[in-house]
Amino acid sequence: MSDLSIQLHWHRATPVLQPGKYSNEHVVRYGPRYDLPVDSAPDWGGDPANTNPEQALASALSSCHMMTFLALAAKAGWPVASYHDHAEAHLGKNPRGQMSVTRIDLHPVVRFDAGFSVDDKTLAEMQDRAHRYCFIANTLADSVEINIL
């Protein structure tokens, strides 16, 4: 199986690392061409112009769900013309009282070529299948392993 990686770069911009007095702004590099500015969520003092880990998680889930849906639709012969999603990550406390992403809502909108349609029930079933087969959705139910280098 594939090993997929990113590079994360952060540098302290203040003379001393003190609580509440440093920036969380950093860069995540995806491959050799794309650097993404990342920061804390705005509610935690981050720059709203940058993405944040919670948005990145929602983005990963939304992208994976879409790619899984498209693979299933192609196999079924559905002529998907466009796919749009509005994903929302909700922050709150989990059952252990820890801050976490408690829920991610996906709002996919699928458009087909002219002359093709499926009923709402069939479309909902395909979206459910996409959710069940999505790698990221399956990962969110599992634990995370931290490997300190």
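Remarks
- Förster radius 41 Å - calculated FRET efficiency between Leu57 and Phe116 (Cβ-Cβ, nearest 0.05): 0.80
- Computed about the Cα centre, the dipole magnitude for the range 53-149 is approximately 140 debye when only Lys and Arg (+1) and Asp and Glu (-1) carry charge, each at its Cβ.
- In sequence order, calculated HN-Hα J values of the range 104-109 (Karplus, 6.51, -1.76, 1.60; Hz; x Gly/Pro): 10, 9, 10, 10, x, 10
- Cβ crowding within 10 Å ranks Cys64, Cys134 as Cys64, Cys134, fewest other Cβ atoms first.
- The Cβ shell under 11 Å around Val38 holds other residues with a net charge of -4, Lys and Arg each +1, Asp and Glu each -1.
- If the convex hull is drawn through the Cα atoms of the chain, its volume per residue in Å³: 180
- When the range 1-130 is described by a simple charge dipole with +1 on each Lys and Arg Cβ and -1 on each Asp and Glu Cβ, the residue from Ala41, Leu4, Pro15 located farthest towards its positive end is Pro15.
- Helix-only [θ]222 nm of the chain, DSSP H runs n ≥ 4, -39500 (n - 2.57) each, per residue, nearest 500: -9500 deg cm²/dmol
- Between the beta carbons of His86 and Arg12, assuming R0 = 35 Å, the FRET efficiency works out to 0.45 to the nearest 0.05.
- Cα radius of gyration and Dmax for the range 1-51 (Å): 13.2, 43
- Ala124 versus Ala71: modelled label distance in nm, points set 7 Å from Cα along the beta carbon direction: 2.5
- When the Cα positions of Gly77, Pro95, Leu61 are compared along the charge dipole of the chain, Pro95 comes out farthest toward the positive end, with charges on each C-beta of Lys, Arg, Asp and Glu.
- Sequence-distant residues sharing a close amide H with Thr51 (under 5 Å, placed H): Asp39
- Order of Ser117, Ser63, Ser40 - criterion: other Cβ atoms within 10 Å of each residue's Cβ, fewest first: Ser117, Ser63, Ser40
- Derived scalar couplings ³J(HN,Hα) [the range 17-31; Karplus, 6.51 cos²θ - 1.76 cosθ + 1.60; whole Hz; x for Gly, Pro]: 7, 10, x, x, 10, 9, 9, 8, 4, 8, 10, 10, 9, 9, x
- Between 0 and 90 degrees, the angle of helix 120-133 with respect to the longest Cα principal axis of the chain falls at about 50 degrees.
- Per-residue Cβ neighbour counts within 10 Å put Arg96, Arg29, Arg132 in the sequence Arg96, Arg132, Arg29, beginning with the fewest.
We did not get these values from a lab; they are worked out from the coordinates using the rules stated. These numbers come from a predicted model, not from an experiment. Backbone-built Cβ (ideal geometry, glycine too); neighbour counts: all protein chains shown.
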